[in-house]
């Protein structure tokens, strides 16, 4: 398992722990997430690309791993992933540019 596969495993571990420690709250969060991520005016790919850009701006490597993989699974191309992430760089500046590193690494690990 690569670095970003490990990040996904860490997310799963955390969610498992929170299901035991805070089942009501994590359940509510999952229901909210499912409702927001359901295709509506935007399709799944568009939403994953937006989530990826926000993950870069938020500087969250776990979110970058999750949404890079999600975007690829939803049919995004490598160029669409890079383009979406660059929108965060435009809006968030130099710190977001540095978080293009995990985006590029996740693309390599998950295939594109």
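Computed from the coordinates by the stated procedures, all read-outs in this text should not be read as laboratory data. These numbers were taken from a predicted model, which means no experiment stands behind them. With ideal geometry, Cβ positions are generated from the backbone for all residues, glycine too; neighbour counts draw on all protein chains shown.
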| How many angstrom separate the Cα center of segment 87-105 from the Cα center of segment 1-72? | 18
| said: Which order do the peptides 15-25, 79-89, 45-55 come out in when sorted by mean C-beta neighbours inside 10 angstrom, highest first? | reply: 45-55, 79-89, 15-25
| query | How compact and how long is segment 4-56, expressed as Rg and Dmax of its alpha-carbon atoms in Å? | reply | 13.1, 35
| Nearest 10 degrees, 0 to 90: helix 78-92 Cα axis against the chain principal axis | 90
| Hey, what angle do you get for helix 23-37 against the long axis of the chain, alpha-carbon based, 0 to 90 degrees rounded to 10? | 40
| note | So, with points 7 Å from each Cα along the Cβ direction, the residue 44-residue 14 label distance in nm works out to 2.3
| task | Measure nothing fancy, just the Cα-based angle from helix 44-58's long axis to the longest principal axis of the chain, in degrees from 0 to 90, nearest 10. | result | 80
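If the viscosity is 0.692 mPa s and the temperature 37 °C, what Stokes-Einstein diffusion coefficient in µm²/s follows for the chain when Rh is the Kirkwood radius over Cα pairs? Let's see the in-between values first.
Details: Rh = 14.4 Å.
Rounded to a whole number, D works out at 228 µm²/s.
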